[in-house]
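These notes are about the structure you will find just below.
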Amino acid sequence: MKVVIIGTGYVGMVTGACLADLGHDVVCVDNDVNRSLLINEGKAPFYEKGLDELIVRNVDFGRLQGSVDLQEAMYEAELSIIAVGTPSIEGRIDLSYVENAGLEIGHLLGQAAKYHTIVLKSTCVPGTTKSLLRKAIETTSGAVAGVDFGLGMSPEFLREGSAVQDFIDPDRLVIGADDDRSAQTIAALYDSFTCKKIFTTTSNAEMIKYTSNALLSNLISFSNEISTLCETVEDLNEEVVMHGLHMDRRLSPVVQGNIISPEILTYLRAGIGYGGSCFPKDTLALQYFARDLNVATPMLDATISVNNLRANTIVDLIEKALGTVEGRSLTILGLAFKPDTDDVRESPGVRLAEVFVERGAIVCGWDPIAIKNAQGLLPNSVDLTDNLTKALTGSELAVIATAWSQLKNYDWSGVCHLMERPAIFDGRSIISRESLPSGVSYHSIGEMPKILDGDMRDDAV
Ligand code: UGA
């Protein structure tokens, strides 16, 4: 199928490259000429595991190209996918990019050689496709949705860092359409996938995406709230408590004698909070959507508020364990919002660094690939490096903020020689106390802070 992708951000680019790899003829259109040039040179406009290889292969095959010319791209195409940004304006979703894409497509629709179907992939509040987008296209085209052109909504469930794999091997595909022909056209695009396909209305498709992200965010905040309780009571340990929870057969079914641990259980573990370009934005957008409908959302409100407070809760815990951070040299290990990405949007590690600076600490931030992106976000006083040895040298406390494999596999035996007063706070529970030499204070999230050997608590409360 000849496909146009509008918007070469993370969703659009991964979708475009993967569809090309499945054999579709794809043109990725973006106003940013540099992005188009990069694609045509076989390069990804941002880091995502496996994406470069996919782009270069499909550009070479002639199945993928970047362009700024929507008119030319749409001329012979059967389907356009809108994957433009839906940013937040003070918490409320900004649908202006979606609307503009609809208006522009509408202008060009009359010149398209074939019946054209437009599919929204950007995460949007329920009703966006059938109202705002439909109206935008109909206004500038004079055509009627479901009669003169197809219209649908098919959300993505890609996780940064494993987006290519998630696209290739999806758990489900949601096909939202308000007429049969549109549904069948979208289904044809996904013909080679054997996973469960959910056919529904465009509004349900939109709501499925929000509900998924709201639940995952909720599980994280719930776990973090339980963790705060465990951190307050002696002898409680969040890891043990959660393991006990996970073994409930309703969460970990036993299949042919084997306990199956579904991936969702990782969201039922404490950490330093959720971040990224999706959970924070989507939970807020859903909250505003409900507010506009006069519907109370106490669960969603609590999810957001626990997460907003998380960095301060963590720093309070650290101060309880180790004394004030004021004037201390501290290291944040991990600035990307999660491993295997250089994305620092709404990153909990960045937020932690900010709170440390607010409380007067001297902060160094380490990340293997996200330093460049973190630069613009953090105060100038934060020293940034991708060199782990340098980051730990002279530090009095290192906080693990991102579960990077480099940290899991790091040889911590020499850490006492590097750090001024070796203390590790493991905000992701990724290293074991046993992997550290004696003389290092180790504190993991989810248990009451203890004063350990080598602590820096000279102002103990
Ligand atoms: C998330 C969803 O997982 C995807 O299904 C969805 O398609 C995507 O948003 C989207 O809306 O586009 P993503 O933000 O890439 O994907 O990453 P996640 O791996 O879900 O992580 C989100 C945040 O939750 C990160 O800050 C991460 O550190 C945190 N997290 C994740 C945890 O604290 N614990 C976990 O077990 C997993």
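The values are calculated or read from the model by the stated rules, or taken from the named source; none is laboratory data. Computed from a prediction, not measured in an experiment: that's the story for all the values here. Cβ: placed from backbone, ideal geometry, glycine included. Neighbour counts: every protein chain shown.
Tallying residues that are free of Cβ contacts under 8 Å to residues at least 40 places away in the same chain and not in a helix (DSSP H, G or I) within region 303-333 yields 2.
In region 264-285, the qualifying residues are those that are over 21 Å from Asp343 (Cβ atoms) and assigned to a helix (DSSP H, G or I), and the one that is farthest from the chain's Cα centre (by Cα) is Leu265. The one condition from (1) out of contact with any Leu (no Cβ under 8 Å at 6 or more places or on another chain); (2) in contact (Cβ under 8 Å) with a residue 60 or more places away in the chain; (3) not in a helix (DSSP H, G or I) that Arg249 does not meet is (2). Checking each residue in region 252-287 for being in contact with a Pro (Cβ under 9 Å, 6 or more places away or on another chain), in contact (Cβ under 8 Å) with a residue 12 or more places away in the chain and not polar (S, T, N, Q) picks out Ile259, Gly271, Ile272, Gly273, Tyr274, Gly275, Lys281. Out of Phe199, Phe157, one residue alone is farther than 18 Å from Gly23 by Cα and more than 23 Å from the chain's Cα centre (by Cα). It is Phe199. Just one of the listed residues (Leu335, Leu330, Leu251) is of a type outside the set (Val, Ile, Thr) and in contact with a Cys (Cβ under 8 Å, 6 or more places away or on another chain), namely Leu330. For Ala336, the conditions (1) part of a loop (DSSP other than H, G, I, E, B); (2) free of Cβ contacts under 8 Å to residues at least 40 places away in the same chain are fulfilled apart from (2). Quick one: is Ala44 within 22 Å of Asp191 (Cβ to Cβ) and under 22 Å from the mean Cα position of the chain (by Cα)? It is false that Ala44 is within 22 Å of Asp191 (Cβ to Cβ) and under 22 Å from the mean Cα position of the chain (by Cα). Of the residues making up region 204-251, just one is within 30 Å of Gly152 (Cβ to Cβ), among the charged types (D, E, K, R) and in contact with a helix residue (DSSP H, G or I) (Cβ under 7 Å, 6 or more places away or on another chain), namely Glu206.
Yes or no, residue by residue, for (1) among the hydroxyl-bearing types (Ser, Thr, Tyr); (2) in contact (Cβ under 8 Å) with a residue 60 or more places away in the chain; (3) over 30 Å from Val3 (Cβ atoms):
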position: Asp180; (1), (2), (3): no, no, no
position: Ala187; (1), (2), (3): no, no, no
position: Phe193; (1), (2), (3): no, no, no
position: Thr200; (1), (2), (3): yes, no, no
position: Lys209; (1), (2), (3): no, yes, no
position: Leu215; (1), (2), (3): no, no, yes
position: Asn224; (1), (2), (3): no, yes, yes
position: Ser227; (1), (2), (3): yes, yes, yes
position: Glu238; (1), (2), (3): no, yes, yes
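Under the condition of being modelled with pLDDT of 95 or more, of a type in the set (D, E, K, R) and surrounded by 16 or more Cβ atoms within 10 Å (Cβ to Cβ), the residues counted in region 44-55 number 0.
A quick yes/no check of all residues on (1) in contact with a strand residue (DSSP E or B) (Cβ under 7 Å, 6 or more places away or on another chain); (2) more than 26 Å from Val147 (Cα to Cα); (3) more than 16 Å from the ligand (Cβ to nearest atom):
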{"position": "Gly176", "(1), (2), (3)": "yes, no, no"}
{"position": "Thr201", "(1), (2), (3)": "yes, no, yes"}
{"position": "Val254", "(1), (2), (3)": "no, yes, yes"}
{"position": "Glu263", "(1), (2), (3)": "no, yes, no"}
{"position": "Ala270", "(1), (2), (3)": "no, yes, no"}
{"position": "Lys281", "(1), (2), (3)": "yes, yes, no"}
{"position": "Leu284", "(1), (2), (3)": "yes, yes, no"}
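Elements of the type helices (runs of 4 or more DSSP H) sitting completely within region 16-127 and holding at least 3 residues that are in contact (Cβ under 8 Å) with a residue 40 or more places away in the chain and hydrophobic (A, V, I, L, M, F, W, C): these cover 51-61, 70-75, 96-109. Being assigned to a helix (DSSP H, G or I) and among the small types (Gly, Ala, Ser) is true of Ser221. Within region 354-372, the set of residues being within 16 Å of the ligand (Cβ to nearest atom) and without any contact (Cβ under 8 Å) to a residue 40 or more places away in the chain comprises Asp367, Pro368, Ala370. The single condition among (1) among the aromatic types (Phe, Trp, Tyr); (2) within 16 Å of the ligand (Cβ to nearest atom); (3) under 21 Å from Ser122 (Cα atoms) that Phe222 does not meet is (3). Quick one: would you say Glu160 is crowded, with 23+ Cβ neighbours inside 10 Å and either free of Cβ contacts under 8 Å to residues at least 40 places away in the same chain or within 14 Å of the ligand (Cβ to nearest atom) (or both)? The answer is yes for Glu160.
In region 120-154, which residues are within 16 Å of the ligand (Cβ to nearest atom) and either over 23 Å from the mean Cα position of the chain (by Cα) or hydrophobic (A, V, I, L, M, F, W, C) (or both)? Across region 120-154, the qualifying residues are Leu120, Cys124, Val125, Met153. Within region 288-300, if we keep just the residues that are surrounded by 13 or more Cβ atoms within 10 Å (Cβ to Cβ) and without any contact (Cβ under 8 Å) to a residue 12 or more places away in the chain, the residue that is nearest to Ile332 (Cα to Cα) turns out to be Thr297. Looking at Thr303, Thr402, Thr393, just one residue is surrounded by 20 or more Cβ atoms within 10 Å (Cβ to Cβ), of a type in the set (S, T, N, Q) and in contact with a Leu (Cβ under 8 Å, 6 or more places away or on another chain), and that residue is Thr402.
The single condition from (1) under 26 Å from Gly9 (Cα atoms); (2) crowded, with 21+ Cβ neighbours inside 10 Å; (3) β-branched (Val, Ile, Thr) that Thr331 fails is (1).
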